[in-house]
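Report on one structure; see the data block that follows.
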Protein chains: 2
Amino acid sequence: MDVDIGNALAGVATPGVPRSYLDRLDERVADAHDRIRTGMADDEFGYAALNLPERADPDAIRAAVAPLADADTVLTVGIGGSSLGAATLTDALATEGEAHYLDNVDPAQVSSLLDDLDLESTAVNVVSRSGTTAETLANFLVVREAYEERGVDWTERTLVTTGDSGNLRDLADEHDLPVLAVPDGVPGRFSALSTVGLAPAALLGVDIEGVLAGAREERDALSGSLFETPAYAYGALLYALDGRGAHANVMMPYHESLETYAEWYAQLHAESLGKDGLGQTPVRALGATDQHSQLQLYRAGPNDKLVTFVHARDGPDVPIPSADLDGLDYLAGATLGELRDAEFAATEASLADVGLPSVRVEIERVDAPAVGGLLFGMEAATVLAGELYGVETFVQPAVEWGKEVARGLLRGEEALEETESLRVTRE
Amino acid sequence: MDVDIGNALAGVATPGVPRSYLDRLDERVADAHDRIRTGMADDEFGYAALNLPERADPDAIRAAVAPLADADTVLTVGIGGSSLGAATLTDALATEGEAHYLDNVDPAQVSSLLDDLDLESTAVNVVSRSGTTAETLANFLVVREAYEERGVDWTERTLVTTGDSGNLRDLADEHDLPVLAVPDGVPGRFSALSTVGLAPAALLGVDIEGVLAGAREERDALSGSLFETPAYAYGALLYALDGRGAHANVMMPYHESLETYAEWYAQLHAESLGKDGLGQTPVRALGATDQHSQLQLYRAGPNDKLVTFVHARDGPDVPIPSADLDGLDYLAGATLGELRDAEFAATEASLADVGLPSVRVEIERVDAPAVGGLLFGMEAATVLAGELYGVETFVQPAVEWGKEVARGLLRGEEALEETESLRVTRE
């Protein structure tokens with residue numbers, strides 16, 4: 001990926017980052033890069049994720065999923081990092097079959113999805129490192145029962161991705177299911193380029209070798225300077241802008257197929273950097289659609305955000321058929337892609353015009369190497385930003401409190417302390 | 001809808017709103033309500049939208065869509081307010097058929113969607129008040145050509161929703177297409193309860209009479225006090241919290257079927273209140289999924305946000321089949337709904353525990369009256385908030401600049417002024 005931070009510099013944007021500050025920050029980037037390189041070399045927890053482009057084994061993944069290759073539909077049961085990476089890859093790149101994700105605990109959704117699916121031709125991919133993720137296990141039990149009720153052998157159609165021990169590993173052993181290991185040292189939100197993201201992608205025709213090759217190129221480009229490393233340019237910039245008042249980070253791809261990527265990024269960013277009272281709020285957007293929804297705010301509201309555009313320079317296109325339409329002469333002879341690109345350029349200019357900082361992340365086209373590079377680049381950017389913020393990038397302790405309370409509530413052991421209530425109802 | 005603002009009051013939350021401030025603010029709410037009531041009585045631009053629950057004519061809508069009633073699939077071509085209201089209703093409430101929305105300008109998406117659709121059984125619903133929305137007209141021309149290329153008569157399958165004149169009105173007249181009028185005085189983002197939102201919903205089995213009935217109940221509940229009007233309690237609270245530092249507003253329904261509602265709300269909020277340097281950043285979230293993505297940030301990041309939960313007290317449920325799983329004893333005998341509700345309660349408590357302000361919007365169940373009431377309530381909340389902020393709620397001037405530039409670029413008349421570029425590429 002290429003990154004252009006020109007529209008986020010002081011002089012164009014307010015808040016904006018002075019070029020001289022970036023020069024000084026680059027010394028900290030060099031130190032952070034040393035730290036990252038050491039972490040990678042030692043396969044330290046978290047940093048190990050940045051080795052995935054080298055370590056992931058696409059042949060082993062293809063071999064493990066081979067027994068399920070005749071499925072038309074892949075139903076992944078997993079939540080958070082156990083589904084978002086895979087969903088990003090399949091939504092952007094799948095060429096065959098249909099992907100579904102049970103990444104919530106919602107009875108209406110589960111029922112309606114199971115009603116719609118032909119389980120005979122559906123492979124189930126259940127993903128939980130620990131094998132104790134409540135939502136995932138609960139959904140899987142419901143799915144398994146549906147197979148049994150319809151007389152379809154679930155053991156012939158289930159792939160397990162999990163750690164070395166736990167409920168799911170036991171289940172796989174007991175029923176001789178194909179099983180893939182979640183690699184050690186890789187937090188869920190950094191697992192897109194591992195078995196977790198690649199196995200369902202492989203089942204749906206994604207060129208996972210290409211994804212990894214693109215990620216490797218980005219990995220090989222990591223250097224000690226933000227001016228030479230697109231990923232670090234992005235990570236350093238978001239850190240520097242947050243400190244100057246850009247407290248929201250709007251991730252806005254201009255391609256429908258990258259809509260899920262923006263969700264993936266929102267998790268990566270929020271769980272990695274949202275701690276110790278720090279962290280921008282990631283906001284998922286989509287161009288050109290959100291020009292008709294969010295642009296009014298971005299241009300005329302407070303200058304408290306960074307907008308990150310993701311745009312492919314090339315791709316498939318469709319000509320707009322000619323028609324004599326009032327006020328639409330400018331569409332004559334144009335293509336949908338040209339219209340989209342003109343809107344993108346105009347939106348970027350429209351934010352620069354009011355000094356709202358933006359960054360342009362460019363890829364050549366939405367294909368396997370570019371998406372692999374984009375995911376790796378954003379992971380590296382996040383790790384760098386974490387070093388600059390001085391937070392523990394790879395943990396997410398703040399989600400534990402609520403999990404404990406939810407368990408207590410279900411056991412009936414615990415009642416919630418009453419907080420203040422001010423309830424307003426219709427008369 | 002009921003609204004509980006207890007967890008956003010000073011004492012629980014920081015920032016939080018003192019109860020005494022709300023008492024004083026209520027005088028301004030009374031004045032704003034007078035203003036709103038006058039606007040409604042005079043059918044003033046924008047305020048007229050709050051009359052839709054009375055004025056929308058479900059019989060006329062059902063009559064207009066009747067010629068298309070045999071379609072299995074409804075493809076709505078429209079962007080922003082021309083699609084989000086309909087998508088909210090069909091995603092939450094559709095009981096038959098399949099809904100698709102072309103609400104972007106993306107050649108890859110258009111091609112792949114048209115490849116997948118059986119146009120013989122697909123109705124096209126093209127929506128643009130002016131008949132000059134570039135994205136919508138361009139997409140429609142491509143769709144129409146696809147019908148022609150496949151030898152399917154598009155004039156038998158197209159419904160038009162537009163203003164009194166313009167390209168789409170001419171087209172409808174020329175080909176004798178069923179046509180519905182976009183009501184006067186109703187901005188796109190406030191049009192969910194009009195022909196714009198209700199026509200595609202009617203085609204997909206939504207009880208549009210029920211939607212309107214629920215909205216009417218909420219309308220009848222509007223009063224001069226925030227303590228007696230749930231919609232005003234919400235609008236007043238978000239205004240008061242923004243002033244105290246809650247600059248993001250996370251809309252987080254705990255039902256998959258309301259995911260699109262959160263997108264609809266983000267447009268309503270951003271385009272209505274994002275102006276004159278003011279306006280919270282709306283953030284779309286989804287419970288329980290985003291507990292595994294965003295909760296870390298909400299609980300441990302800066303206290304600069306309001307989280308708005310939407311939760312139904314009742315609904316369909318699915319028992320979790322029993323299984324002897326390590327560490328998951330608490331699931332024994334529970335249902336998916338109970339698990340979801342426990343997670344919701346725990347998440348709400350977990351934010352109160354750290355003083356992050358939240359509001360609970362409760363509905364009885366996700367059904368037509370409740371969703372109608374929710375949409376109307378959020379519209380009224382937004383109008384009230386606009387009065388309190390002192391902004392022009394119903395216009396969106398900041399999106400025009402970029403449109404002009406995009407047109408100029410496509411005509412080749414205009415080149416963008418070069419802004420600063422600092423491009424970082426891989427070596």
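Details
- Longest to shortest principal axis, alpha-carbon extents of chain A, angstrom: 64, 64, 57
- Burial ranking of peptide ranges A:357-367, B:247-257, B:232-242 (average Cβ count within 10 Å, highest at the top): B:232-242, B:247-257, A:357-367
- A straight line joining the Cα centroids of the range B:42-69 and the range B:316-368 runs 37 Å.
- Total accessible area lost when B and A pair, probe 1.4 Å, Å² to nearest 100: 11100
- Among B:Ala63, B:Gly163, B:Leu113 the positive-end extreme of the charge dipole of the range B:50-206 (Cβ point charges): B:Gly163
- Surrounding net charge for A:Ala368, when Lys and Arg each add one and Asp and Glu each subtract one, Cβ distance under 9 Å: -3
- Local net charge near B:Leu9, Cβ-Cβ under 11 Å (Lys/Arg +1, Asp/Glu -1): -1
- Copies compared at A:Gly327 - label distances in nm, ascending, label defined 7 Å from Cα in the Cβ direction: 5.9
- Cα-based Rg / Dmax (Å) for the range B:231-320: 14.1, 51
- Computed over chain A with a Gaussian network model linking Cα atoms closer than 10 Å, the most mobile of A:Gly386, A:Gly373, A:Gly39 is A:Gly39.
- For chain B, modelled as a GNM whose springs connect Cα atoms under 10 angstrom apart, the maximal fluctuation among B:Leu331, B:Leu117, B:Leu258 occurs at B:Leu331.
- Close amide H pairs (under 5 Å, H built 1.01 Å from N) link B:Thr335 with B:Ile320, residues at least 5 positions away or on another chain.
- The figure for A:Arg144 is an accessible area of roughly 50 square angstrom, using a 1.4 Å probe on the protein chains alone.
- In nanometers and ordered shortest first, the copy-to-copy spacing of the A:Glu148 label point, defined 7 Å from Cα toward Cβ, is 5.8.
- Interchain or long-range residues, amide H under 5 Å from A:Thr158's placed H: A:Val124
- A simple charge model with +1 on the Cβ of Lys and Arg, -1 on the Cβ of Asp and Glu and nothing else charged puts the dipole of the range A:4-144 at about 580 debye relative to its Cα centre.
- Per residue convex hull volume, Cα atoms of the range A:229-383, in Å³: 115
- Note on the protein assembly as shown: percent of Cα-Cα distances in each 20 Å bin, starting at 0 and stopping at the bin with the largest distance, equals 16, 50, 32, 2.
- Remark: mean inter-chain Cβ contacts per residue of B:329-340 equal 6, using a 10 Å Cβ-Cβ cutoff to other protein chain atoms.
- In chain B, the DSSP-assigned H stretches of four residues or longer account for a calculated mean residue ellipticity at 222 nm of -14000 deg cm²/dmol, using -39500 (n - 2.57) per stretch and the full residue count as denominator.
- DSSP beta bridges fully contained in the protein assembly as shown are about 15 percent antiparallel.
- Note on the range A:50-206: with neighbouring protein chains present and a 1.4 Å probe, carbon and sulfur make up 41 percent of its accessible heavy-atom surface.
- Relative contact order of the range B:8-90, defined on C-alpha pairs under 8 angstrom at six or more residues apart (%): 10
- Within the range B:1-39, backbone nitrogen closer than 16 Å to the virtual label 7 Å beyond the Cα of B:Ala213 toward Cβ: B:1
- Accessible surface of A:Glu218, taken over heavy atoms with a 1.4 Å probe and every protein chain present, rounds to 0 Å².
- Whole-Hz ³J(HN,Hα) from phi, Karplus 6.51 cos²θ - 1.76 cosθ + 1.60, for the range B:306-319, glycine and proline x: 10, 9, 10, 8, 10, 9, 9, 6, 9, x, x, 9, 9, x
- Each label was represented as a point 7 Å from its Cα along the Cα-to-Cβ direction; for B:Phe45 and B:Asp153 these points are 4.1 nm apart.
- Taking max minus min of the alpha-carbon positions on each principal axis, the range B:124-278 gives extents of 59, 35, 32 Å, largest first.
- Measuring nothing but how far apart in sequence close Cα pairs (under 8 Å, 6+ apart) lie, relative to its length, chain A scores a relative contact order of 24 percent.
- Nearest-ten-degree value, helix B:259-273 long axis tilted from longest Cα axis of chain B: 90
- Here the Debye sum runs over all C-alpha atoms of the range B:57-189 as equal scatterers in vacuum, and log10 of I(q)/I(0) at q = 0.09, 0.14, 0.16 Å⁻¹ comes out as -0.23, -0.58, -0.78.
- Measuring how big the range A:28-96 is from its alpha-carbon positions, Rg and Dmax come out at 16.5, 51 Å.
- Net +/- balance of residues flanking B:Ser293 in space, Cβ distance below 9 Å, scoring K and R +1, D and E -1: -2
- In terms of Cα atoms, the Rg and Dmax of the range A:346-427 work out to 22.6, 59 Å.
- Working note: Karplus 6.51/-1.76/1.60 with θ = phi - 60° gives the range B:369-382 the couplings x, 5, 5, x, x, 5, 5, 4, x, 5, 5, 5, 4, 5 Hz, where Gly and Pro are set to x.
- Each copy carries A:Ser165; placing its label point 7 Å along the C-beta direction from Cα gives inter-copy distances of 7.9 nm, listed from smallest up.
- Annotation: amide H-H contacts under 5 Å for B:Val359 (H modelled 1.01 Å from N, sequence separation of 5 or more, or interchain): B:Val307, B:Thr308, B:Phe309.
- Relative contact order, whole percent, for the range B:167-230 stands at 16, derived from Cα pairs under 8 Å and 6 or more residues apart.
The values are calculated or read from the model by the stated rules, or taken from the named source; none is laboratory data. The structure displayed is predicted, hence computed values, not measured ones. Note that each Cβ is placed from the backbone with ideal geometry, even for glycine, and that neighbours are counted across all protein chains shown. Accessible surface areas use protein heavy atoms only, side chains included; no ligands, DNA or RNA. Shrake-Rupley method; radii C 1.70, N 1.55, O 1.52, S 1.80 Å.
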